[in-house]
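Only one structure is covered here, and it is reproduced in the block below.
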Amino acid sequence: ECLQAATSARPDDHQLWNKLGATLANSNRSEEAQHAYQKALECKPKYARSWLNLAISHSNLQNYHESARCYLQTLSLNPNAVHIWSYLRIALTCSEQWDLLPHAASQDLAKFKEHYDFVQYS
C-alpha cells in the first residue's frame, strides 16, 4: 500500500514503479507486477532492470515468447549482463524454439531480429 501511494505522489519515478513491481512479483502477483514494470518503462524506456523484471514476470506466467523478447531487450540495453543469455535459453527451451538456441549460444542479438520485436541499441 505504501508503494502504491508513493507512485500516486510520484507517478514519473521509474525506480518507484519498478520497486512496486518487484514487491508484487515477490508476493506471487506477477500480472499486477507487469503493470508496474510497464509504468516504469513508460517513464524510462531504456531502464534495463524493468525489462529484466518484466521478462521474469512473463516467465513466471509461462508466457515464454514475450519473456524472450524482454530478455532480448534487456541484453540490447545491457550487453555486459551475459548471465541473461542463460535466462533466454530457458525461455526458448520452454517455448520449444529449438531452432533459436544456437543463436543464444553464439550470443548474437542481430540473429533474433527476424523472430522478435525489440530495439537494438548496441
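A few remarks follow.
- The residue that is nearest to the chain's Cα centre (by Cα), among those in the range 50-104 that are among the charged types (D, E, K, R) and loosely packed, with under 15 Cβ neighbours inside 10 Å, is 96.
- Extreme residue, most open to solvent (accessible area, probe 1.4 Å), among residues of the range 18-30 that are in a helix (DSSP H, G or I) and more than 14 Å from residue 52 (Cα to Cα): 26
- Being in a helix (DSSP H, G or I) and touching a residue at least 40 places away in the same chain (Cβ under 8 Å) holds for only one residue in 67, 57, 76, 50, and it is 76.
The values are calculated or read from the model by the stated rules, or taken from the named source; none is laboratory data. Here the structure is a predicted model, which means the values were calculated and not measured. Virtual Cβ from ideal backbone geometry, glycine too; neighbours counted across all protein chains shown. All accessible areas refer to the heavy atoms of the entire protein, side chains included, with ligands and DNA or RNA removed. Shrake-Rupley method; radii C 1.70, N 1.55, O 1.52, S 1.80 Å.
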